[in-house]
1. Could you please find all residues in region 149-184 being in contact with a strand residue (DSSP E or B) (Cβ under 9 Å, 6 or more places away or on another chain) and modelled with pLDDT under 50?
2. Which of the residues belonging to region 64-101 are crowded, with 19+ Cβ neighbours inside 10 Å, modelled with pLDDT under 95 and either touching a strand residue (DSSP E or B) at 6+ places or on another chain (Cβ under 6 Å) or closer than 30 Å to residue 175 by Cβ (or both)?
3. Going by the structure shown, is residue 39 within 23 Å of residue 122 (Cβ to Cβ), crowded, with 20+ Cβ neighbours inside 10 Å and in contact (Cβ under 8 Å) with a residue 40 or more places away in the chain?
């Protein structure tokens, strides 16, 4: 299965669930849910381009990347003050018990989306046909994210000073930069977002 398709499908499905959950949310919880919904919609707009299903538009990719930046880093972490878990929030307690990791992913999203914005003019590099990575490795069962020695969220890349920077991502084709950026979202959701039953 195509890795960009897997990541996009997870993020799009999460957008639908989040929209439903908004019905009972107020205050900062609603504010952060709205931010996540906006990012999910941006992924839904860009993902078909990355799969080659719609015409590639660099400005749309840049707009999505700017939106990710707007809601990443400190802008994201300030939406998760202590004591704002529980229903209707979808945030797990791990957000606060593993704050360093959560904040590192928020910073990584900011950095990677800056790289994505700069990579938009590079066009597609053909990742949409790349089947070298299966769903298990994309969604936490393999080496890309999830465990303590993974690329996204573990000791190999997160918070240890060896995370890719925006300049390196800016050199990639846009589909590769998009995949890297959305993998950060998936890593965060996997660790810090409660699954619907």
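The values are calculated or read from the model by the stated rules, or taken from the named source; none is laboratory data. Please read these numbers as outputs of a predicted model, since none were measured by experiment. Every residue, glycine among them, receives a Cβ derived from its backbone with ideal geometry; neighbour counts consider all protein chains shown.
1. Across region 149-184, the qualifying residues are 151, 152, 153, 154, 158.
2. Across region 64-101, the qualifying residue is only 90.
3. Here the answer is yes, as residue 39 does meet what is asked.
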